[in-house]
Each structure stands twice: as structure tokens, then as C-alpha cells.
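**Q** One structure follows; several queries about it will come next.
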Amino acid sequence: MSKAIIHIDETLCKGTEGCKLCISFCPREVLGVSETLTARAVHPADVINEEDCTACQLCMLYCPDLAITVQNREEDEENV
């Protein structure tokens with residue numbers, strides 16, 4: 001099971017055609033290019049290997065558009 005819950009806000013992501021920073025900085029290749037297009041006709045980043053995520057939050061830290069949030073699964077379970 002993944003250590004994190006990753007959310008990508010497609011309305012904020014400028015698309016992998018214009019950025020790919022989150023994909024580039026992920027040390028575990030958790031993120032990739034989505035096959036679907038957004039309303040702005042761009043391919044956003046997509047979570048493709050969530051089980052490999054270590055919750056390092058590098059994708060969230062390097063995203064210039066603040067489109068990614070990473071929530072530690074253990075913290076989420078404690079708040080239930």
C-alpha cells in the first residue's frame with residue numbers, strides 16, 4: 001500500500017507539454033503523462049504507480065502551479 005494519497009488538480013496543472021517538473025523530480029517514477037485531455041486541451045500529470053510513492057512530496061514542492069497535494073496516508077488515518 002502506498003504511503004501517500006496524491007491529488008493532481010487538473011484545472012491548475014499547465015499540462016505535461018509545458019512543464020513535467022513533477023514527473024522529472026519524482027525519484028520513484030510515480031507520476032506520468034495522462035492519456036486524457038483537460039478542458040484546456042493539455043495532458044496533465046497523472047499518478048501511474050501510486051504504490052511506489054514514499055510521500056517525499058518532491059512533486060508537490062516543485063510544482064510551480066501548486067496543482068499537486070500529497071497527503072501522508074498514516075496522518076489521514078489518524079484523523080478519522
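**Q** Would you point out which residue out of Arg28, Arg40, Arg73 is at pLDDT 95 or above and of a type in the set (Lys, Arg)?
**A** Going through Arg28, Arg40, Arg73 in turn, the sole match is Arg28.
**Q** Report, by residue number, each residue of segment 36-49 that is within 14 Å of Ile23 (Cβ to Cβ) and among the charged types (D, E, K, R).
**A** Asp46
**Q** Would you pick out the residues in segment 28-54 that are within 20 Å of Glu74 (Cβ to Cβ) and in contact (Cβ under 8 Å) with a residue 24 or more places away in the chain?
**A** Arg28, Val30, Val47, Glu50, Glu51, Asp52, Cys53, Thr54 - these are the residues of segment 28-54 that are within 20 Å of Glu74 (Cβ to Cβ) and in contact (Cβ under 8 Å) with a residue 24 or more places away in the chain.
The values are calculated or read from the model by the stated rules, or taken from the named source; none is laboratory data. Everything quoted here is computed from the prediction, not taken from an experiment. Because the Cβ atoms are built from the backbone with ideal geometry, glycine has one as well, and the counts that use them run over all protein chains shown.
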